[in-house]
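What follows is a single structure, written as C-alpha coordinates, with notes after it.
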Amino acid sequence: MSKNNGFSPGLEGIVAAETELSHVDGLKGELIIAGFPLARLAANATFEETTFLLWNGRLPTQTELDKFKQELADYRPLPPVTLNLLHEAAKANSTPMDALRMAAATLDLGNSDAAHHTTAKIIVARVATIVANYHCLQQGKAPIAPNPSLGHAANFLYMLTGDVPSNARVRGLETYLNTVVDHGLNASTFAARVIVATQSDLVSAIAGAIGALKGPLHGGAPGPALDTVFEIGSAERAEAVLQAKLDAGERLMGFGHRVYKVRDPRAEVLGAAAEKMFRADGDMALYELAKSVEETAVRLLAIHKPGRNLQTNVEFYTALLLHGLGLDTDIFTPTFAVGRTAGWLAHCFEQIEYGRLIRPQSRYTGTLDRAWMPLEER
Ligand code: ACO
(Lines give C-alpha, C1' and ligand atoms only; values in the text may rest on other atoms or scores of the structure.)
Protein backbone atom coordinates (compact mmCIF):
# COMPACT_ATOMS: atom_id res chain seq x y z
CA MET A 1 0.00 0.00 0.00
CA SER A 2 1.38 3.36 -0.99
CA LYS A 3 0.67 6.03 1.59
CA ASN A 4 2.06 9.49 1.65
CA ASN A 5 0.97 12.14 4.15
CA GLY A 6 -2.41 10.46 4.55
CA PHE A 7 -2.79 9.94 0.80
CA SER A 8 -3.77 6.40 -0.16
CA PRO A 9 -4.20 6.01 -3.93
CA GLY A 10 -7.43 4.15 -4.63
CA LEU A 11 -8.21 4.48 -0.87
CA GLU A 12 -6.36 1.18 -0.46
CA GLY A 13 -6.28 0.05 3.16
CA ILE A 14 -8.62 2.83 4.34
CA VAL A 15 -11.57 1.81 6.53
CA ALA A 16 -14.38 4.18 5.50
CA ALA A 17 -17.42 2.43 7.01
CA GLU A 18 -18.49 -0.02 9.70
CA THR A 19 -20.95 -2.68 8.58
CA GLU A 20 -22.82 -5.71 9.89
CA LEU A 21 -23.54 -6.89 6.36
CA SER A 22 -20.41 -8.73 5.25
CA HIS A 23 -16.92 -9.49 6.46
CA VAL A 24 -14.15 -10.00 3.91
CA ASP A 25 -10.82 -11.47 5.01
CA GLY A 26 -8.55 -11.21 1.99
CA LEU A 27 -5.68 -13.17 3.54
CA LYS A 28 -7.73 -16.09 4.87
CA GLY A 29 -10.03 -16.08 1.83
CA GLU A 30 -13.10 -15.78 4.03
CA LEU A 31 -16.46 -14.13 3.34
CA ILE A 32 -19.15 -13.92 6.01
CA ILE A 33 -22.59 -12.57 5.06
CA ALA A 34 -24.56 -11.19 8.03
CA GLY A 35 -22.94 -13.79 10.30
CA PHE A 36 -23.18 -16.78 7.92
CA PRO A 37 -20.12 -18.26 6.20
CA LEU A 38 -20.78 -17.75 2.49
CA ALA A 39 -20.94 -21.44 1.55
CA ARG A 40 -23.62 -22.12 4.20
CA LEU A 41 -25.86 -19.22 3.17
CA ALA A 42 -25.36 -19.34 -0.59
CA ALA A 43 -26.30 -22.98 -1.04
CA ASN A 44 -29.33 -22.95 1.28
CA ALA A 45 -31.13 -19.60 1.18
CA THR A 46 -33.54 -18.30 -1.40
CA PHE A 47 -32.66 -14.86 -2.70
CA GLU A 48 -35.68 -13.42 -0.87
CA GLU A 49 -34.40 -14.90 2.46
CA THR A 50 -30.95 -13.39 1.88
CA THR A 51 -32.42 -9.99 1.02
CA PHE A 52 -34.64 -10.05 4.11
CA LEU A 53 -31.62 -11.06 6.20
CA LEU A 54 -29.52 -8.14 4.97
CA TRP A 55 -32.30 -5.60 5.40
CA ASN A 56 -33.50 -6.80 8.81
CA GLY A 57 -30.43 -8.40 10.41
CA ARG A 58 -32.16 -11.80 10.84
CA LEU A 59 -33.74 -14.57 8.81
CA PRO A 60 -37.51 -14.27 8.21
CA THR A 61 -40.17 -16.53 9.72
CA GLN A 62 -42.37 -18.41 7.23
CA THR A 63 -45.10 -15.77 7.53
CA GLU A 64 -42.63 -12.92 7.02
CA LEU A 65 -41.05 -14.68 4.06
CA ASP A 66 -44.41 -15.34 2.38
CA LYS A 67 -45.37 -11.68 2.77
CA PHE A 68 -41.98 -10.44 1.51
CA LYS A 69 -42.09 -12.73 -1.53
CA GLN A 70 -45.62 -11.62 -2.35
CA GLU A 71 -44.67 -7.93 -2.09
CA LEU A 72 -41.68 -8.39 -4.41
CA ALA A 73 -43.83 -10.35 -6.87
CA ASP A 74 -46.49 -7.59 -6.83
CA TYR A 75 -43.91 -4.91 -7.67
CA ARG A 76 -42.32 -6.82 -10.59
CA PRO A 77 -44.27 -5.47 -13.60
CA LEU A 78 -42.66 -2.36 -15.08
CA PRO A 79 -44.61 0.88 -15.39
CA PRO A 80 -45.20 2.03 -19.02
CA VAL A 81 -42.61 4.82 -18.75
CA THR A 82 -39.84 2.33 -17.89
CA LEU A 83 -40.90 -0.08 -20.64
CA ASN A 84 -41.06 2.76 -23.18
CA LEU A 85 -37.55 3.78 -22.24
CA LEU A 86 -36.34 0.21 -22.75
CA HIS A 87 -37.94 0.16 -26.21
CA GLU A 88 -36.06 3.37 -27.09
CA ALA A 89 -32.81 1.99 -25.66
CA ALA A 90 -33.18 -1.17 -27.74
CA LYS A 91 -33.76 0.93 -30.89
CA ALA A 92 -30.54 2.82 -30.09
CA ASN A 93 -28.75 -0.50 -29.43
CA SER A 94 -27.70 0.57 -25.91
CA THR A 95 -25.72 -1.99 -23.95
CA PRO A 96 -27.72 -3.91 -21.32
CA MET A 97 -25.87 -2.10 -18.50
CA ASP A 98 -26.60 1.31 -20.01
CA ALA A 99 -30.25 0.37 -20.48
CA LEU A 100 -30.37 -0.86 -16.87
CA ARG A 101 -28.85 2.38 -15.56
CA MET A 102 -31.30 4.53 -17.52
CA ALA A 103 -34.34 2.42 -16.65
CA ALA A 104 -33.40 2.06 -12.96
CA ALA A 105 -33.37 5.86 -12.74
CA THR A 106 -37.11 5.91 -13.54
CA LEU A 107 -38.08 3.67 -10.66
CA ASP A 108 -39.17 6.39 -8.25
CA LEU A 109 -41.53 7.98 -10.76
CA GLY A 110 -44.84 8.11 -8.91
CA ASN A 111 -43.23 6.64 -5.77
CA SER A 112 -40.95 9.47 -4.68
CA ASP A 113 -42.76 9.82 -1.32
CA ALA A 114 -42.69 6.09 -0.54
CA ALA A 115 -40.99 4.83 2.63
CA HIS A 116 -37.39 3.60 2.14
CA HIS A 117 -38.33 -0.08 2.52
CA THR A 118 -41.12 0.20 -0.05
CA THR A 119 -38.81 1.89 -2.55
CA ALA A 120 -36.18 -0.77 -1.88
CA LYS A 121 -38.64 -3.59 -2.64
CA ILE A 122 -39.72 -1.84 -5.85
CA ILE A 123 -36.07 -1.51 -6.91
CA VAL A 124 -35.11 -5.14 -6.18
CA ALA A 125 -38.24 -6.47 -7.89
CA ARG A 126 -37.97 -4.27 -10.98
CA VAL A 127 -34.21 -4.38 -11.59
CA ALA A 128 -34.67 -8.08 -12.44
CA THR A 129 -37.60 -7.29 -14.72
CA ILE A 130 -35.65 -4.52 -16.48
CA VAL A 131 -32.72 -6.85 -17.21
CA ALA A 132 -34.92 -9.67 -18.50
CA ASN A 133 -37.35 -7.47 -20.47
CA TYR A 134 -34.48 -5.60 -22.12
CA HIS A 135 -32.83 -8.87 -23.09
CA CYS A 136 -36.00 -9.91 -24.93
CA LEU A 137 -36.26 -6.52 -26.64
CA GLN A 138 -32.66 -6.75 -27.82
CA GLN A 139 -33.47 -10.08 -29.41
CA GLY A 140 -36.41 -8.49 -31.22
CA LYS A 141 -38.95 -10.28 -28.99
CA ALA A 142 -41.77 -8.90 -26.84
CA PRO A 143 -40.92 -8.63 -23.13
CA ILE A 144 -42.21 -11.59 -21.11
CA ALA A 145 -44.52 -10.56 -18.25
CA PRO A 146 -43.41 -11.69 -14.77
CA ASN A 147 -44.96 -14.86 -13.37
CA PRO A 148 -46.24 -14.06 -9.85
CA SER A 149 -46.33 -17.72 -8.83
CA LEU A 150 -42.52 -18.02 -9.11
CA GLY A 151 -39.83 -16.85 -6.67
CA HIS A 152 -37.39 -14.09 -7.61
CA ALA A 153 -34.69 -16.31 -9.14
CA ALA A 154 -37.10 -18.65 -10.94
CA ASN A 155 -39.07 -15.72 -12.31
CA PHE A 156 -35.90 -14.06 -13.61
CA LEU A 157 -35.05 -17.19 -15.61
CA TYR A 158 -38.68 -17.44 -16.73
CA MET A 159 -38.72 -13.83 -17.98
CA LEU A 160 -35.58 -14.53 -20.05
CA THR A 161 -36.93 -17.60 -21.85
CA GLY A 162 -40.67 -17.99 -21.24
CA ASP A 163 -40.01 -21.47 -19.77
CA VAL A 164 -40.49 -22.36 -16.10
CA PRO A 165 -36.95 -23.43 -15.09
CA SER A 166 -36.01 -26.73 -13.43
CA ASN A 167 -35.35 -26.77 -9.68
CA ALA A 168 -31.64 -27.41 -10.39
CA ARG A 169 -31.39 -24.24 -12.48
CA VAL A 170 -33.27 -22.17 -9.93
CA ARG A 171 -30.93 -23.47 -7.20
CA GLY A 172 -27.94 -22.58 -9.37
CA LEU A 173 -29.15 -19.01 -9.82
CA GLU A 174 -30.17 -18.60 -6.13
CA THR A 175 -26.63 -19.69 -5.20
CA TYR A 176 -25.15 -17.16 -7.61
CA LEU A 177 -27.36 -14.25 -6.47
CA ASN A 178 -26.64 -15.04 -2.80
CA THR A 179 -22.91 -15.27 -3.51
CA VAL A 180 -22.67 -11.82 -5.06
CA VAL A 181 -25.24 -10.09 -2.85
CA ASP A 182 -22.70 -8.22 -0.75
CA HIS A 183 -18.95 -7.82 -0.47
CA GLY A 184 -17.71 -5.19 1.94
CA LEU A 185 -16.94 -1.74 0.63
CA ASN A 186 -16.45 -2.61 -3.03
CA ALA A 187 -16.51 0.23 -5.59
CA SER A 188 -20.23 0.14 -6.45
CA THR A 189 -21.33 -0.22 -2.82
CA PHE A 190 -19.08 2.69 -1.87
CA ALA A 191 -20.63 4.74 -4.68
CA ALA A 192 -24.12 3.97 -3.33
CA ARG A 193 -23.11 4.91 0.22
CA VAL A 194 -21.52 8.18 -0.92
CA ILE A 195 -24.75 9.12 -2.69
CA VAL A 196 -27.15 8.41 0.19
CA ALA A 197 -24.71 10.00 2.65
CA THR A 198 -25.60 13.35 1.08
CA GLN A 199 -29.27 12.61 2.03
CA SER A 200 -30.01 11.93 -1.62
CA ASP A 201 -32.43 9.07 -2.43
CA LEU A 202 -32.24 5.30 -2.97
CA VAL A 203 -32.96 5.37 -6.70
CA SER A 204 -30.08 7.82 -7.25
CA ALA A 205 -27.80 5.55 -5.20
CA ILE A 206 -28.73 2.46 -7.24
CA ALA A 207 -28.32 4.27 -10.58
CA GLY A 208 -24.85 5.42 -9.45
CA ALA A 209 -23.91 1.96 -8.21
CA ILE A 210 -24.94 0.40 -11.54
CA GLY A 211 -22.62 2.88 -13.28
CA ALA A 212 -19.74 1.85 -11.01
CA LEU A 213 -20.42 -1.87 -11.45
CA LYS A 214 -20.30 -1.64 -15.24
CA GLY A 215 -16.52 -1.17 -15.56
CA PRO A 216 -14.28 -4.13 -16.47
CA LEU A 217 -12.22 -3.74 -13.30
CA HIS A 218 -15.36 -4.43 -11.24
CA GLY A 219 -18.46 -6.22 -12.55
CA GLY A 220 -17.63 -6.15 -16.23
CA ALA A 221 -15.11 -9.01 -16.15
CA PRO A 222 -17.12 -12.26 -16.51
CA GLY A 223 -18.02 -11.80 -20.18
CA PRO A 224 -14.37 -11.29 -21.20
CA ALA A 225 -13.32 -14.15 -18.85
CA LEU A 226 -15.61 -16.57 -20.70
CA ASP A 227 -14.50 -15.17 -24.07
CA THR A 228 -10.94 -16.10 -23.10
CA VAL A 229 -11.97 -19.68 -22.26
CA PHE A 230 -13.73 -19.98 -25.64
CA GLU A 231 -10.77 -18.39 -27.44
CA ILE A 232 -8.47 -20.99 -25.85
CA GLY A 233 -10.84 -23.76 -26.93
CA SER A 234 -8.72 -26.70 -25.78
CA ALA A 235 -6.54 -27.21 -22.71
CA GLU A 236 -3.25 -27.59 -24.64
CA ARG A 237 -3.66 -24.05 -26.08
CA ALA A 238 -4.13 -22.40 -22.66
CA GLU A 239 -0.50 -21.65 -21.96
CA ALA A 240 0.25 -20.10 -25.38
CA VAL A 241 -2.91 -17.94 -25.49
CA LEU A 242 -2.59 -16.68 -21.91
CA GLN A 243 1.15 -16.03 -22.24
CA ALA A 244 0.52 -13.99 -25.41
CA LYS A 245 -2.05 -11.86 -23.54
CA LEU A 246 0.38 -11.22 -20.69
CA ASP A 247 3.19 -10.42 -23.15
CA ALA A 248 0.87 -7.90 -24.83
CA GLY A 249 0.33 -6.24 -21.42
CA GLU A 250 -3.28 -7.43 -21.11
CA ARG A 251 -4.87 -8.37 -17.81
CA LEU A 252 -6.33 -11.86 -17.47
CA MET A 253 -10.01 -11.33 -16.71
CA GLY A 254 -11.28 -13.21 -13.67
CA PHE A 255 -7.94 -13.06 -11.84
CA GLY A 256 -6.56 -10.69 -9.22
CA HIS A 257 -8.40 -8.78 -6.51
CA ARG A 258 -7.84 -5.67 -4.46
CA VAL A 259 -8.61 -7.47 -1.18
CA TYR A 260 -8.13 -11.24 -1.78
CA LYS A 261 -4.55 -12.41 -1.87
CA VAL A 262 -5.70 -16.05 -1.91
CA ARG A 263 -8.42 -17.71 -4.00
CA ASP A 264 -11.67 -15.74 -3.74
CA PRO A 265 -14.06 -17.86 -1.59
CA ARG A 266 -16.84 -16.97 -4.02
CA ALA A 267 -14.90 -18.76 -6.77
CA GLU A 268 -15.07 -21.90 -4.59
CA VAL A 269 -18.85 -21.68 -4.12
CA LEU A 270 -19.60 -20.79 -7.73
CA GLY A 271 -17.13 -23.36 -9.07
CA ALA A 272 -18.95 -26.08 -7.08
CA ALA A 273 -22.35 -24.83 -8.28
CA ALA A 274 -21.10 -24.76 -11.88
CA GLU A 275 -19.73 -28.30 -11.60
CA LYS A 276 -23.11 -29.51 -10.32
CA MET A 277 -24.90 -27.80 -13.17
CA PHE A 278 -22.62 -29.11 -15.93
CA ARG A 279 -22.71 -32.62 -14.41
CA ALA A 280 -26.53 -32.56 -14.32
CA ASP A 281 -26.52 -31.55 -17.99
CA GLY A 282 -24.17 -34.48 -18.77
CA ASP A 283 -21.47 -32.42 -20.51
CA MET A 284 -18.38 -31.58 -18.46
CA ALA A 285 -16.17 -30.45 -21.36
CA LEU A 286 -16.42 -26.69 -20.79
CA TYR A 287 -16.07 -27.08 -17.02
CA GLU A 288 -12.93 -29.22 -17.43
CA LEU A 289 -11.49 -26.71 -19.91
CA ALA A 290 -12.17 -23.83 -17.51
CA LYS A 291 -10.44 -25.71 -14.65
CA SER A 292 -7.41 -26.17 -16.83
CA VAL A 293 -7.43 -22.50 -17.95
CA GLU A 294 -7.67 -21.44 -14.30
CA GLU A 295 -4.72 -23.60 -13.27
CA THR A 296 -2.60 -22.28 -16.15
CA ALA A 297 -3.56 -18.64 -15.56
CA VAL A 298 -2.70 -18.75 -11.85
CA ARG A 299 0.65 -20.43 -12.63
CA LEU A 300 1.56 -17.89 -15.33
CA LEU A 301 0.47 -14.92 -13.21
CA ALA A 302 2.76 -16.09 -10.40
CA ILE A 303 5.68 -16.00 -12.86
CA HIS A 304 4.59 -12.78 -14.60
CA LYS A 305 3.85 -10.78 -11.43
CA PRO A 306 5.81 -12.49 -8.64
CA GLY A 307 4.71 -11.57 -5.13
CA ARG A 308 1.38 -10.09 -6.30
CA ASN A 309 -0.64 -13.18 -5.33
CA LEU A 310 -2.97 -12.93 -8.31
CA GLN A 311 -5.57 -15.64 -7.78
CA THR A 312 -8.95 -16.57 -9.24
CA ASN A 313 -11.68 -14.04 -8.41
CA VAL A 314 -15.47 -14.34 -8.36
CA GLU A 315 -15.88 -13.45 -12.02
CA PHE A 316 -14.19 -16.50 -13.51
CA TYR A 317 -16.73 -19.01 -12.18
CA THR A 318 -19.56 -16.49 -12.47
CA ALA A 319 -18.99 -16.71 -16.20
CA LEU A 320 -19.06 -20.48 -16.20
CA LEU A 321 -22.11 -20.82 -13.95
CA LEU A 322 -24.19 -18.21 -15.77
CA HIS A 323 -23.25 -19.73 -19.11
CA GLY A 324 -24.29 -23.14 -17.73
CA LEU A 325 -27.62 -21.59 -16.72
CA GLY A 326 -28.14 -20.63 -20.37
CA LEU A 327 -27.54 -16.88 -19.95
CA ASP A 328 -25.97 -14.90 -22.77
CA THR A 329 -22.61 -13.22 -22.07
CA ASP A 330 -23.97 -9.70 -22.42
CA ILE A 331 -26.29 -10.10 -19.44
CA PHE A 332 -23.66 -11.48 -17.03
CA THR A 333 -22.94 -8.06 -15.53
CA PRO A 334 -26.63 -7.02 -15.39
CA THR A 335 -27.35 -10.34 -13.61
CA PHE A 336 -24.62 -9.46 -11.11
CA ALA A 337 -26.56 -6.22 -10.55
CA VAL A 338 -29.78 -8.22 -9.96
CA GLY A 339 -28.06 -9.85 -6.96
CA ARG A 340 -25.95 -6.94 -5.73
CA THR A 341 -28.92 -4.50 -5.70
CA ALA A 342 -30.13 -6.05 -2.42
CA GLY A 343 -26.68 -5.51 -0.88
CA TRP A 344 -26.41 -1.93 -2.19
CA LEU A 345 -29.76 -1.13 -0.58
CA ALA A 346 -28.75 -2.75 2.72
CA HIS A 347 -25.65 -0.53 2.75
CA CYS A 348 -27.82 2.49 1.97
CA PHE A 349 -29.96 1.68 5.04
CA GLU A 350 -26.82 1.41 7.20
CA GLN A 351 -25.44 4.67 5.83
CA ILE A 352 -28.74 6.53 6.31
CA GLU A 353 -28.84 5.28 9.91
CA TYR A 354 -25.23 6.34 10.47
CA GLY A 355 -25.94 9.74 8.97
CA ARG A 356 -22.44 11.07 8.32
CA LEU A 357 -21.55 12.80 5.04
CA ILE A 358 -18.71 10.99 3.23
CA ARG A 359 -16.30 13.64 2.15
CA PRO A 360 -12.60 12.76 1.88
CA GLN A 361 -9.95 15.28 0.88
CA SER A 362 -7.64 15.67 -2.08
CA ARG A 363 -4.10 16.95 -2.10
CA TYR A 364 -3.51 19.81 -4.51
CA THR A 365 -0.52 19.20 -6.79
CA GLY A 366 -0.96 22.18 -9.13
CA THR A 367 0.85 25.52 -9.15
CA LEU A 368 -0.01 28.16 -6.56
CA ASP A 369 0.48 31.59 -8.03
CA ARG A 370 -0.30 31.87 -11.74
CA ALA A 371 -0.28 35.25 -13.47
CA TRP A 372 -3.65 36.03 -15.13
CA MET A 373 -3.33 36.47 -18.90
CA PRO A 374 -6.04 38.48 -20.69
CA LEU A 375 -7.86 36.54 -23.44
CA GLU A 376 -6.39 38.55 -26.34
CA GLU A 377 -2.82 37.84 -25.15
CA ARG A 378 -3.14 34.01 -24.90
N1 ACO B 1 -3.75 -9.99 -15.05
C2 ACO B 1 -2.49 -9.54 -15.18
N3 ACO B 1 -1.90 -8.70 -14.30
C4 ACO B 1 -2.63 -8.29 -13.27
C5 ACO B 1 -3.96 -8.72 -13.06
C6 ACO B 1 -4.52 -9.60 -14.01
N7 ACO B 1 -5.77 -10.06 -13.89
N8 ACO B 1 -4.44 -8.14 -11.95
C9 ACO B 1 -3.46 -7.39 -11.46
N10 ACO B 1 -2.37 -7.46 -12.25
C11 ACO B 1 -1.07 -6.81 -12.05
C12 ACO B 1 -1.14 -5.33 -12.36
O13 ACO B 1 -0.77 -5.08 -13.69
C14 ACO B 1 -0.16 -4.77 -11.37
O15 ACO B 1 1.14 -4.95 -11.85
P16 ACO B 1 2.26 -3.82 -11.61
O17 ACO B 1 2.20 -3.45 -10.16
O18 ACO B 1 3.52 -4.47 -12.04
O19 ACO B 1 1.84 -2.66 -12.48
C20 ACO B 1 -0.29 -5.68 -10.16
O21 ACO B 1 -0.78 -6.92 -10.66
C22 ACO B 1 -1.24 -5.16 -9.11
O23 ACO B 1 -2.43 -4.79 -9.74
P24 ACO B 1 -3.31 -3.56 -9.33
O25 ACO B 1 -4.02 -3.04 -10.54
O26 ACO B 1 -2.50 -2.59 -8.53
O27 ACO B 1 -4.31 -4.23 -8.35
P28 ACO B 1 -5.70 -3.65 -7.95
O29 ACO B 1 -5.91 -4.04 -6.56
O30 ACO B 1 -5.87 -2.23 -8.27
O31 ACO B 1 -6.63 -4.44 -8.98
C32 ACO B 1 -8.20 -5.73 -10.03
C33 ACO B 1 -7.55 -5.40 -8.69
C34 ACO B 1 -8.74 -4.45 -10.68
C35 ACO B 1 -9.38 -6.66 -9.82
C36 ACO B 1 -7.13 -6.38 -10.97
O37 ACO B 1 -6.64 -7.55 -10.38
C38 ACO B 1 -7.68 -6.67 -12.37
O39 ACO B 1 -7.69 -5.79 -13.22
N40 ACO B 1 -8.16 -7.94 -12.61
C41 ACO B 1 -8.73 -8.28 -13.91
C42 ACO B 1 -10.16 -7.78 -14.00
C43 ACO B 1 -11.11 -8.55 -13.11
O44 ACO B 1 -11.07 -9.78 -13.04
N45 ACO B 1 -12.03 -7.82 -12.44
C46 ACO B 1 -13.03 -8.38 -11.53
C47 ACO B 1 -12.68 -8.18 -10.11
S48 ACO B 1 -13.80 -8.94 -8.98
C49 ACO B 1 -15.06 -7.82 -8.81
O50 ACO B 1 -14.89 -6.64 -8.84
C51 ACO B 1 -16.44 -8.30 -8.64
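Tally the residues that are without any contact (Cβ under 8 Å) to a residue 60 or more places away in the chain, within 15 Å of the ligand (Cβ to nearest atom) and of a type in the set (Gly, Ala, Ser), restricting the search to region 174-206.
2
Test TYR287 against the criterion of being touching an Asp or Glu at 6+ places or on another chain (Cβ under 8 Å), buried (at least 16 other Cβ atoms within 10 Å of the Cβ) and assigned to a helix (DSSP H, G or I), and give yes or no.
yes
Of all the residues that make up region 207-229, how many are within 11 Å of the ligand (Cβ to nearest atom), within 12 Å of PHE190 (Cα to Cα) and open to solvent by 20 Å² or more (accessible area, probe 1.4 Å)?
Number of matching residues: 1.
Quick grid of which residues meet (1) within 28 Å of ARG101 (Cα to Cα); (2) under 23 Å from the mean Cα position of the chain (by Cα); (3) assigned by TED's automatic domain parsing to the domain that holds TYR260:
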| site | (1), (2), (3) |
| --- | --- |
| MET277 | no, yes, yes |
| ALA290 | no, yes, yes |
| PRO306 | no, no, yes |
| LEU320 | yes, yes, yes |
| PRO360 | yes, no, no |
| GLU376 | no, no, no |
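Which residue, of THR63, THR19, is of a type in the set (Val, Ile, Thr), in a helix (DSSP H, G or I), open to solvent by 40 Å² or more (accessible area, probe 1.4 Å) and farther than 27 Å from ALA272 by Cα?
So the residue among THR63, THR19 that is of a type in the set (Val, Ile, Thr), in a helix (DSSP H, G or I), open to solvent by 40 Å² or more (accessible area, probe 1.4 Å) and farther than 27 Å from ALA272 by Cα is THR63.
For LEU86, indicate whether it is farther than 24 Å from HIS347 by Cβ, open to solvent by less than 10 Å² (accessible area, probe 1.4 Å) and assigned by TED's automatic domain parsing to the domain that holds PRO146.
yes
Go through region 114-145 and report how many residues are out of contact with any Pro (no Cβ under 9 Å at 6 or more places or on another chain), of a type in the set (Gly, Ala, Ser) and not in a helix (DSSP H, G or I).
Of the residues in region 114-145, 4 are out of contact with any Pro (no Cβ under 9 Å at 6 or more places or on another chain), of a type in the set (Gly, Ala, Ser) and not in a helix (DSSP H, G or I).
Please determine whether any residue of region 42-55 is within 16 Å of the ligand (Cβ to nearest atom) and not in a helix (DSSP H, G or I).
no
Just one of (1) touching a His at 6+ places or on another chain (Cβ under 7 Å); (2) crowded, with 21+ Cβ neighbours inside 10 Å trips up ALA187, so point out which.
Failing condition for ALA187: (2).
Has region 246-264 got any residue that is farther than 23 Å from PRO37 by Cβ, among the aromatic types (Phe, Trp, Tyr), buried (at least 21 other Cβ atoms within 10 Å of the Cβ) and within 16 Å of the ligand (Cβ to nearest atom)?
Yes: region 246-264 contains one or more residues that are farther than 23 Å from PRO37 by Cβ, among the aromatic types (Phe, Trp, Tyr), buried (at least 21 other Cβ atoms within 10 Å of the Cβ) and within 16 Å of the ligand (Cβ to nearest atom).
Please find, among GLU288, GLU268, GLU295, GLU239, the residue that is modelled with pLDDT under 95 and more than 13 Å from the ligand (Cβ to nearest atom).
Details: GLU288 fails: modelled with pLDDT under 95; GLU295 fails: modelled with pLDDT under 95; GLU239 fails: modelled with pLDDT under 95.
After ruling out the rest, the residue left standing is GLU268.
Which residue is nearest to ALA337 (Cα to Cα), if the candidates are limited to region 107-137 and must be open to solvent by 20 Å² or more (accessible area, probe 1.4 Å) and of a type in the set (Ser, Thr, Tyr)?
Looking at residues that are open to solvent by 20 Å² or more (accessible area, probe 1.4 Å) and of a type in the set (Ser, Thr, Tyr), I get THR118.
Name the one entry in ALA273, ALA319 that is surrounded by 23 or more Cβ atoms within 10 Å (Cβ to Cβ) and within 12 Å of the ligand (Cβ to nearest atom).
ALA319
In region 217-243, how many are over 20 Å from ASN313 (Cα atoms) and not hydrophobic (A, V, I, L, M, F, W, C)?
Qualifying residue count, region 217-243: 4.
The values are calculated or read from the model by the stated rules, or taken from the named source; none is laboratory data. Computed from a predicted structure; not experimentally measured. Cβ sites come from the backbone with ideal geometry, for glycine too, and all protein chains shown count toward neighbours. The protein model used for the area step is the full one, side chains on, heavy atoms only, and it has no ligands, DNA or RNA in it. Shrake-Rupley method; radii C 1.70, N 1.55, O 1.52, S 1.80 Å.
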